[in-house]
Amino acid sequence: MYSDNFDPLLTTAHVADACLRLGIEVRAVPLRPVRAGLQLRGRAVPVRHYGSVDVFLEALDSAPPRSVLAVDNQGRRDEGCIGDLVALETSLADLAGIVIWGYHRDTAEIKALEFPLFSLGATPNGPVRLEKRDDQAFDSAILGGYEVTSADYVIADDDGVLFVPADALGELERQGRQIRETERRQFALARGGTSLRRQLRVAEFQERRTREPDLTFREHLRALGAAIEE
């Protein structure tokens, strides 16, 4: 079920692993924050860019509070489709942030806003084209080859951006917390001197594999309740 209180301590890595365990497609996109350390969470507001900022301003009129503008600019690297003015307007409209399948500009000004923005990179160039808008401007957006709609939830951090079904957030949160706690326990033990190889009984796995050639390490980990990969 959708919640605005999705655990802020769950990283995109935790949630991606949770998706795998639940059989949910992992829609991960390699976008980077305008400043290291930014996190972003919120319902997706899809919008397609055609060359003018009007489409963003219209999207903001109906965007729910704390949602995330998910911009499809076709991965273009020849223009920064969003700059400081649209970023500021998005912030003032009480949205949580922006993710762009494309480039932004006005990096220094956006950093000064301390407003979460994730993109493929930056360029000084603004758009010079103007294309005819189609009927899908606000219905869906394509980011990294994945379709994103208002039924999706955005989770972003230094590792990238993840799109997940909003109606699966409860399950993802529960599974993600289990993964996080397992990894924290393993990390603490390793820091205390118990190596990961010993914790995961790698020698035992290798010995078993001589008798069972088809045994995989993932099966071994599941049997231990210590899965760190899927």
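The values are calculated or read from the model by the stated rules, or taken from the named source; none is laboratory data. Please read all numbers here as calculations on a predicted model, not as lab measurements. Positions of Cβ are backbone-derived with ideal geometry, glycine not excepted, and every protein chain shown enters the neighbour counts. We work out accessible area using only protein heavy atoms, side chains counted, and drop any ligands, DNA or RNA first. Shrake-Rupley method; radii C 1.70, N 1.55, O 1.52, S 1.80 Å.
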query: How large is the dipole of the range 170-218 about the Cα centre if only Lys and Arg carry +1 and Asp and Glu carry -1, each at its Cβ, rounded to the nearest 20 debye?
result: 220
- prompt: Rounded, prolate or oblate: which one fits the range 158-230, using the alpha carbon gyration tensor with axes a ≥ b ≥ c (rounded when a/c is under 1.5, else prolate when a/b beats b/c, else oblate)?
  reply: oblate
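For the range 1-95, how big is Rg over Rh, using alpha carbon atoms and the Kirkwood form of Rh? Spell out each step's value before the answer.
Numbers: Rg = 14.9 Å, Rh = 15.2 Å.
In the range 1-95, Rg relative to Rh is 0.98.
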- prompt: For the chain, modelled as a GNM with alpha-carbon contacts under 10 angstrom, which of I100, I155, I179 fluctuates the most?
  reply: I179
query: Using modelled amide H (1.01 Å from N, peptide plane; none on Pro or chain starts), what sits under 5 Å from the amide H of L143, excluding residues fewer than 5 places away?
result: V148
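Using a 1.4 angstrom probe on heavy atoms only, work out the carbon and sulfur share of the accessible area of the range 68-151 in %.
Working: 1870 of 3970 Å².
Carbon-and-sulfur percentage of accessible area, whole number: 47.
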message: Order 145-152, 205-212 from most to least packed using the mean count of other Cβ atoms within 10 Å.
response: 145-152, 205-212
- request: Pick out which of R174, R77, R201 has the largest mean-square fluctuation in a Gaussian network model of the chain, springs linking Cα atoms closer than 10 Å.
  value: R201
statement: Under the Karplus relation with 6.51, -1.76 and 1.60 and θ = phi - 60°, whole-Hz ³J(HN,Hα) for the range 21-33, x at Gly and Pro, equal 5, 9, x, 9, 4, 8, 9, 9, 10, x, 8, 10, x
- prompt: Going by a ≥ b ≥ c, the root eigenvalues of the Cα gyration tensor, does the range 115-167 fall in the rounded group (a/c under 1.5), the prolate group (a/b larger than b/c) or the oblate group?
  reply: oblate
Euclidean distance between Cα centres, the range 168-199 to the range 1-60, Å: 23
- request: Express the carbon and sulfur contribution to the solvent-accessible surface of the range 181-230 as a percent, rounded to the nearest whole number, probe 1.4 angstrom.
  value: 49
query: So what is the accessible area of the chain per residue, in Å², with the probe set to 1.4 Å?
result: 51
